[in-house]
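Below is one structure, written out as structure tokens, with a few remarks after it.
The values are calculated or read from the model by the stated rules, or taken from the named source; none is laboratory data. Values in this document were obtained by computation on a predicted structure and should not be read as measured data. Counting neighbours? That spans all protein chains shown, and the Cβs are built from the backbone with ideal geometry, glycine included. Each accessible area value is taken on the protein alone, full model and side chains, heavy atoms only, with ligands, DNA and RNA left out. Shrake-Rupley method; radii C 1.70, N 1.55, O 1.52, S 1.80 Å.
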Amino acid sequence: RGSAEVPADLAGRHVVISAGGTREPLDPVRFLGNRSSGKQGYALARTAAARGARVTLVAANSALAAPGGVDVVPVETAVQLREAVLKAASDADAVVMAAAVADFRPAVYAPGKIKKHGTADPEPVALVRNPDILAELATDRPRAGQIVVGFAAETDDVLANGRAKLARKRCDLLVVNEVGTDKTFGAEENEAVVLGADGSETSVPYGPKEALSDTVWDLVALRFPDPGA
Ligand code: CTP
Ligand code: CA
């Protein structure tokens with residue numbers, strides 16, 4: 001869309017977006033991480049701001065430049081991301097979880113750098129579950145009428161997996177990508193199906209992450225309980 005035609009349909013709304021990928025430290029120099037670039041979350045932030053929203057972007061380890069007019073909260077771990085998202089969500093009209101949150105973190109953080117011992121193989125790294133931030137938000141809804149959106153990268157039976165995940169997480173919308181080849185991670189473009197808890201299914205053709213973002217905001221705006229300010 002050209003800037004002249006961007007509707008200010010999110011004016012008066014506060015939206016919270018998580019982006020990037022969490023890093024779970026093993027010791028001061030090493031972490032478990034993932035390949036999320038943050039591009040989809042940043043595109044969501046830019047498009048929401050362009051449509052008039054106040055935007056809080058909780059950014060996990062993304063190298064991308066902060067979008068203008070967006071309040072960026074940098075975080076590293078899943079636990080930090082949860083804190084930041086829940087804090088910002090208390091007065092949010094919508095929360096979109098685009099971040100790749102590590103499912104597990106090392107059970108123990110070594111405060112000093114882990115060293116090799118002789119020629120022995122290392123002990124296995126014990127992991128524990130991280131909190132499921134999306135499920136927690138969607139179940140508790142920090143603000144009445146808040147719209148909660150998740151993202152899921154799936155293989156195999158992509159839509160069936162997506163439907164099951166949407167129901168399990170109790171979110172309003174789930175953006176489902178098929179993973180593989182050059183899709184999703186680090187790519188500029190994306191294609192997806194947006195599943196709604198009301199049974200709706202919206203296909204978004206392969207294209208820029210901004211186009212998918214605008215479709216997400218269209219679907220979110222339709223679900224707001226009352227008109228924007
Ligand atoms: N998510 C989250 N907290 C977690 C894991 C995931 O909030 N601990 C969010 C992601 O930000 C995303 C959605 O949940 O919006 C789906 O993530 P995904 O990894 O697909 O879901 P999982 O429940 O972790 O399922 P899987 O076992 O397939 O990884
Ligand atoms: Ca996961």
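Hey, any hits in region 20-41 for a residue that's in a strand (DSSP E or B) and surrounded by 24 or more Cβ atoms within 10 Å (Cβ to Cβ)? Break it down stepwise before answering.
Start the filter on region 20-41 by keeping residues that are in a strand (DSSP E or B), which leaves 20-21, 24-27, 30-32.
Subset that is surrounded by 24 or more Cβ atoms within 10 Å (Cβ to Cβ): 20.
Taking every residue of region 20-41 in turn, at least one turns out to be in a strand (DSSP E or B) and surrounded by 24 or more Cβ atoms within 10 Å (Cβ to Cβ).
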Exercise. Applying the selection to region 42-58, what residues are farther than 27 Å from Asp103 by Cα, in contact with a strand residue (DSSP E or B) (Cβ under 9 Å, 6 or more places away or on another chain) and crowded, with 22+ Cβ neighbours inside 10 Å?
Worked result: Ala48, Ala53
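For (1) out of contact with any helix residue (DSSP H, G or I) (no Cβ under 8 Å at 6 or more places or on another chain); (2) basic (Lys, Arg), each residue gets a yes or a no:
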position	(1), (2)
Ala43	no, no
Arg54	yes, yes
Leu57	no, no
Ala63	yes, no
Gly68	no, no
Val75	no, no
Ala78	no, no
Leu81	no, no
Ala88	yes, no
Seminar exercise, completed: All-but-one check, Ser36 against (1) more than 13 Å from the chain's Cα centre (by Cα); (2) farther than 19 Å from Leu86 by Cα, failing number (1)
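Please list, ordered by residue number, the strands (runs of 3 or more DSSP E) wholly in region 59-165 having 2 or more residues that are open to solvent by less than 70 Å² (accessible area, probe 1.4 Å).
On the way: elements: 71-75, 94-97, 104-106, 127-129, 147-154.
Here the list reads 71-75, 94-97, 147-154.
Give the residue, chosen from Thr56, Thr47, Thr22, that is among the hydroxyl-bearing types (Ser, Thr, Tyr) and closer than 16 Å to Asn130 by Cα. Let's see the steps before the verdict.
Details: Thr56 fails: closer than 16 Å to Asn130 by Cα; Thr47 fails: closer than 16 Å to Asn130 by Cα.
Being among the hydroxyl-bearing types (Ser, Thr, Tyr) and closer than 16 Å to Asn130 by Cα holds for just one of Thr56, Thr47, Thr22, which is Thr22.
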